[in-house]
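The values are calculated or read from the model by the stated rules, or taken from the named source; none is laboratory data. Source: prediction; values computed, not measured. For neighbour counting, all protein chains shown are included, and Cβ atoms are generated from backbone atoms with ideal geometry for every residue, glycine included. Note: areas computed on protein heavy atoms with side chains; ligands, DNA, RNA excluded. Shrake-Rupley method; radii C 1.70, N 1.55, O 1.52, S 1.80 Å.
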Amino acid sequence: MIEGLRKGDMRAFEQLFKEYYELLCFFANRFIDNMPAAEEIVADTYASLWEKRETILISSSFRAYIYRAVRNRCLNHIKHKRIERAYIDYIRHHHLFTDEGMDSAREEELAREVEEAIESLPDRCRQIFKMSRYDGLRYVDIAGQLQLSPKTVERQMMIALEKLRHHLKHFFVSA
C-alpha cells in the first residue's frame, strides 16, 4: 500500500484514507474536543500526505505514522488556540475593545481575524512571527536557525506586529 501511495496510486491512497479516517477523527477530537476541527485536521493531514507522498519516510507502520502526524497537527492546533486566547485576554485586560463586553461570536470573529492577519503576513515575516510566538523562540535563536542577524529578526517582528495591529485595528478603541 505504501509503495502504491509513493507511486501516486489513488486507489492505495483511498484505501488508506477509508481505513483510518473515521478513527483518526475520533482520535483528534480527544485532543481538541471539536469534531469539525478534528475532521479538518485529519483531512489536512491526508492532503499533506498526498502532496509529500514521493518523499515521505515511514520508518514504522503507516498506522503509527498517520496517528503521529495527526497528533502533531492537533498539538499545533492547540498551540494556535492558546495564542489566540492569550491575544484576546491581552486585549481584554488592556480594555482595547470598542464595546463593553465580548460575546463568544465576537471572540470567534477575533480569533478568525487574528489567524487571517497572521496568514496574510509576508512569508519570512510570518515564519519569524510563528517561531517567536508559537514556538516560543528568542530572536537570537530564530536568527541562528534562519541564518539571519538578530536585528533582521527584530525588524521582521516589528513589521509583523505593525501589520497585525493594522489588520485588527477595527477591534481597538480609537484614540
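Return the residues of segment 29-52 that are small (Gly, Ala, Ser) and either modelled with pLDDT of 95 or more or open to solvent by 30 Å² or more (accessible area, probe 1.4 Å) (or both); say none if nothing qualifies.
Ala43, Ala47, listed by residue number.
Please find, within segment 114-166, the residue that is nearest to Asn72 (Cα to Cα) out of those that are open to solvent by 70 Å² or more (accessible area, probe 1.4 Å) and touching a residue at least 40 places away in the same chain (Cβ under 8 Å).
Checked segment 114-166; the qualifying residue nearest to Asn72 (Cα to Cα) is Arg133.
Quick test for you: out of Ile91, Ile56, pick the one residue that is touching a Leu at 6+ places or on another chain (Cβ under 8 Å), within 21 Å of Arg112 (Cα to Cα), open to solvent by less than 80 Å² (accessible area, probe 1.4 Å) and at pLDDT below 90. Give the derivation first.
Numbers: Ile56 fails: within 21 Å of Arg112 (Cα to Cα).
Going through Ile91, Ile56 in turn, just one is touching a Leu at 6+ places or on another chain (Cβ under 8 Å), within 21 Å of Arg112 (Cα to Cα), open to solvent by less than 80 Å² (accessible area, probe 1.4 Å) and at pLDDT below 90: Ile91.
Looking at Glu40, Glu3, which is the one that is in a helix (DSSP H, G or I) and over 22 Å from the mean Cα position of the chain (by Cα)? I'd like the intermediate steps shown before the answer.
Working: Glu40 fails: over 22 Å from the mean Cα position of the chain (by Cα).
Result of the check over Glu40, Glu3: Glu3.
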